[in-house]
Amino acid sequence: MKEPILELSHVSKTFYSSKTGEIPAVSDVDLDVSEGECVGIVGESGCGKSTIARMITRITDVTEGKILLEGQDITKVEERDLKKIYKKIQMVFQDPYSVFSPRMQVGTFLEEGLVFFGISSRSQARKEAETLLHMVELSPELLDRFPHELSGGQLQRVVIGRAISMEPRLIILDEATSALDVSVQKQVLKLLVKLQKRLGLTYLFIGHDLAVVRSISHRIVIMYAGIVVEEIQSERIEQAAAHPYTRKLLESVFSVHDREKKKIVLETLTMQDSGYERQGCPYQKRCPFVYDRCKTEKPDLVDYGNGHKVRCFYFE
Amino acid sequence: MEIIRADHVSITYDGIKNAVNDVSFSVEKGQIIGIVGESGSGKSTILHGIQGLLPRTSARKGTISLFGKSIDDMSAAELKNIRGRDVAMIFQDTGRYMNPISRIGKQYTSFLKLHEKKSHAELVALEKEMLKRVHLEDADRILHSYPFELSGGMRQRVGIAMAMSLRPRLLLADEPTSALDVTVQAQVIYEMMELRKKYGTTIIFVTHSMGVAAYMSDIIGVMQSGRLVEWGKTEDVISSPREEYTKSLLGSIIELRDERLITTI
Ligand SMILES: Nc1ncnc2c1ncn2[C@@H]1O[C@H](COP(=O)(O)OP(=O)(O)OP(=O)(O)O)[C@@H](O)[C@H]1O
Ligand SMILES: Nc1ncnc2c1ncn2[C@@H]1O[C@H](COP(=O)(O)OP(=O)(O)OP(=O)(O)O)[C@@H](O)[C@H]1O
Ligand SMILES: [Mg+2]
Ligand SMILES: [Mg+2]
């Protein structure tokens with residue numbers, strides 16, 4: 001087993017809202033990613049995936065816990081030493097507009113990073129930028145455009161190109177291919193896999209499309225309400241996934257091959273101030289199998305071997 | 001009744017020719033149209049064009065008619081009045097269209113006030129009910145938040161809730177579920193279908209998910225480099241596509257049963 005390049009231990013993040021008080025966005029998450037591995041994260045919208053990504057890249061501080069990058073706890077790194085971390089970790093943000101300055105042309109955006117991190121000289125940077133665009137299936141014409149002059153998927157690819165160009169060890173991809181058509185998406189995913197094999201890159205791949213996440217990941221972590229509810233080898237997800245939430249995810253996928261129109265089973269929504277239960281299992285309100293115990297006790301993440309961990313009394 | 005008619009519509013941006021290139025189609029009341037296709041092929045541009053919302057740097061040729069009247073014959077006031085009320089839009093990147101320094105609730109209420117003569121309390125009740133429908137159960141907190149305090153998918157759902165609030169006659173949705181997990185996506189799709197069932201709403205939506213397009217639409221349109229290359233009944237487009245491009249799209253879908261890319265490359 002390779003050494004983990006990234007290790008999260010007991011990481012939590014609580015936000016505060018003047019209206020509803022504490023928002024436990026991420027609670028006690030353990031996660032390790034080995035060198036050359038791709039770990040996928042899926043989970044409900046709002047369950048804390050981007051918050052995890054933002055803590056790893058030090059955009060948000062952790063409330064509790066440690067984040068080790070090659071053994072060094074980056075939550076303690078001083079502001080002035082952050083540049084070293086940024087060179088090792090790159091992030092492709094869920095919202096690509098947020099990383100662009102609206103007045104910066106695509107060419108400048110790409111060249112600036114290359115020069116700042118000393119990856120290429122100013123005179124060479126333009127050529128490099130063209131090559132990068134080519135890698136993500138974009139035409140060099142885009143170099144002179146401003147971000148608002150690009151389509152959603154074009155912008156997303158520019159950001160992926162920039163992340164790759166920084167020669168990082170770890171890339172965090174947050175919904176990085178969600179705005180791409182299936183054909184371009186497949187090309188970009190193939191590029192990521194090739195780079196991973198060639199350069200030993202490590203990825204944390206956050207996504208909603210289970211089939212896509214499975215296709216590119218070695219392992220998948222499933223989150224719900226800020227906690228990890230299951231962890232499984234990606235090839236086994238369809239057959240062996242056990243948590244009721246993971247099963248629900250698998251059932252909810254729309255496929256072009258479903259001949260019959262799938263009936264959408266709506267879940268009874270509960271109107272209450274907090275969306276999630278604070279006592280017991282967070283999934284109890286939506287779970288078809290609740291025991292009494294689920295309402296009072298929080299289940300542990302139990303290791304069933306083969307890299308399969310499940311947090312559920314029903315499965316125990 | 002014909003809700004939209006596009007006749008030889010071409011749209012260019014400053015220096016960029018053929019963002020949309022000679023596109024014609026017609027949509028009847030109550031139809032659901034799914035648009036799929038290449039990234040950068042002009043899907044968002046068309047939706048903006050239908051609303052008369054293109055930036056000043058763009059130019060359009062050809063005519064677009066809404067509810068039987070060319071949008072060129074509508075006054076600015078007339079267009080503004082149907083926008084939001086009769087024609088609602090869900091944007092691809094909702095966050096960009098929100099005011100970053102104003103709370104969600106305030107933005108939501110001032111949008112509703114443009115079109116609804118109801119008391120403040122009634123509007124807030126409507127907001128909460130709509131948020132609940134898109135699985136934002138924690139409505140109080142959402143309304144009290146600034147956009148940056150919500151996750152990407154939560155912001156997207158706020159945009160969906162707003163667009164559906166006034167029961168529009170025409171809903172234009174640009175990748176409405178791209179930031180949503182599949183269970184929430186299913187719920188949002190259900191709500192959109194209900195809108196048509198109850199109020200006969202016509203829907204045009206853009207998606208990259210071929211599964212969602214197949215599930216929701218009566219008609220699928222396929223775009224490539226500014227052109228509408230295929231337009232037909234959903235079953236036909238999915239099971240016997242005419243165009244090479246459509247075939248290649250269908251062939252690129254990654255499914256749960258496929259061999260994984262990490263093992264095949
Ligand atoms: N700056 C902030 N202030 C307050 N709350 C926040 C802030 N950022 C995130 N949150 C809250 O933390 C929770 C997790 O958000 P996060 O963006 O991590 O979700 P996510 O899993 O990435 O969701 P999505 O799939 O929709 O992108 C949400 O309830 C969100 O409202
Ligand atoms: N404001 C603008 N100024 C200049 N060019 C633009 C502008 N908006 C879009 N474009 C260009 O017009 C073409 C069509 O863009 P559009 O956003 O309509 O594509 P799309 O089909 O929605 O793509 P995606 O699936 O990636 O969102 C693209 O080549 C894009 O770069
Ligand atoms: Mg997110
Ligand atoms: Mg678009």
Residues of segment B:41-67 satisfying the condition of being modelled with pLDDT of 95 or more and on the phi > 0 side of the Ramachandran plot: B:Gly42, B:Gly62, B:Phe67
Scope segment A:116-129; condition over 27 Å from the mean Cα position of the chain (by Cα), closer than 18 Å to A:Lys83 by Cβ and open to solvent by 30 Å² or more (accessible area, probe 1.4 Å); matching residues: A:Gly118
Scope segment B:77-135; condition of a type in the set (S, T, N, Q) and within 11 Å of another protein chain (Cβ to nearest Cβ); matching residues: B:Gln92, B:Thr94
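Within segment A:11-29, is even one residue among the basic types (Lys, Arg), within 12 Å of chain B (Cβ to nearest Cβ) and over 27 Å from A:Leu201 (Cα atoms)? Write out each step before concluding.
Residues of segment A:11-29 that are among the basic types (Lys, Arg), as a first pass: A:13, A:19.
Still in the list and also within 12 Å of chain B (Cβ to nearest Cβ): A:19.
With over 27 Å from A:Leu201 (Cα atoms) added as a condition, the list becomes A:19.
The answer is yes; a qualifying residue exists.
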Residue match in segment A:47-60 (condition: touching a residue at least 40 places away in the same chain (Cβ under 8 Å), more than 14 Å from every other protein chain (Cβ to nearest Cβ), more than 16 Å from ligand 2 (Cβ to nearest atom) and surrounded by fewer than 16 Cβ atoms within 10 Å (Cβ to Cβ)): no
Residue that is farthest from A:Leu301 (Cα to Cα) [pool: residues in segment A:8-33 that are β-branched (Val, Ile, Thr) and open to solvent by 20 Å² or more (accessible area, probe 1.4 Å)]: A:Thr20
Top-ranked residue of segment A:178-203 - restricted to ones that are open to solvent by 10 Å² or more (accessible area, probe 1.4 Å) and within 16 Å of ligand 2 (Cβ to nearest atom), ranked as nearest to A:Glu7 (Cα to Cα): A:Ser178
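Residues A:Glu149, A:Glu141: which one is within 13 Å of chain B (Cβ to nearest Cβ) and exposed (fewer than 15 other Cβ atoms within 10 Å of the Cβ)?
Numbers: A:Glu149 fails: exposed (fewer than 15 other Cβ atoms within 10 Å of the Cβ).
After ruling out the rest, the residue left standing is A:Glu141.
Give the residue, chosen from B:Gly40, B:Gly52, B:Gly30, B:Gly15, that is crowded, with 23+ Cβ neighbours inside 10 Å and either more than 28 Å from B:Ser248 (Cα to Cα) or under 18 Å from the mean Cα position of the chain (by Cα) (or both).
Numbers: B:Gly52 fails: crowded, with 23+ Cβ neighbours inside 10 Å; B:Gly30 fails: crowded, with 23+ Cβ neighbours inside 10 Å; B:Gly15 fails: crowded, with 23+ Cβ neighbours inside 10 Å.
That would be B:Gly40, the only listed residue that is crowded, with 23+ Cβ neighbours inside 10 Å and either more than 28 Å from B:Ser248 (Cα to Cα) or under 18 Å from the mean Cα position of the chain (by Cα) (or both).
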Selection count, segment B:24-75, where residues are within 26 Å of B:His208 (Cβ to Cβ), among the polar types (S, T, N, Q) and not in a loop (DSSP other than H, G, I, E, B): 5
All positions within segment A:35-88 that are within 12 Å of ligand 1 (Cβ to nearest atom), on the phi < 0 side of the Ramachandran plot and in a loop (DSSP other than H, G, I, E, B): A:Glu44, A:Ser45, A:Cys47, A:Ile59, A:Thr60, A:Asp61, A:Thr63
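The values are calculated or read from the model by the stated rules, or taken from the named source; none is laboratory data. Note that the coordinates shown come from a computational prediction; the quantities given were computed from them, not determined experimentally. Note that each Cβ is placed from the backbone with ideal geometry, even for glycine, and that neighbours are counted across all protein chains shown. Heavy atoms of the whole protein, side chains included, go into the accessibility calculation; ligands, DNA and RNA do not. Shrake-Rupley method; radii C 1.70, N 1.55, O 1.52, S 1.80 Å.
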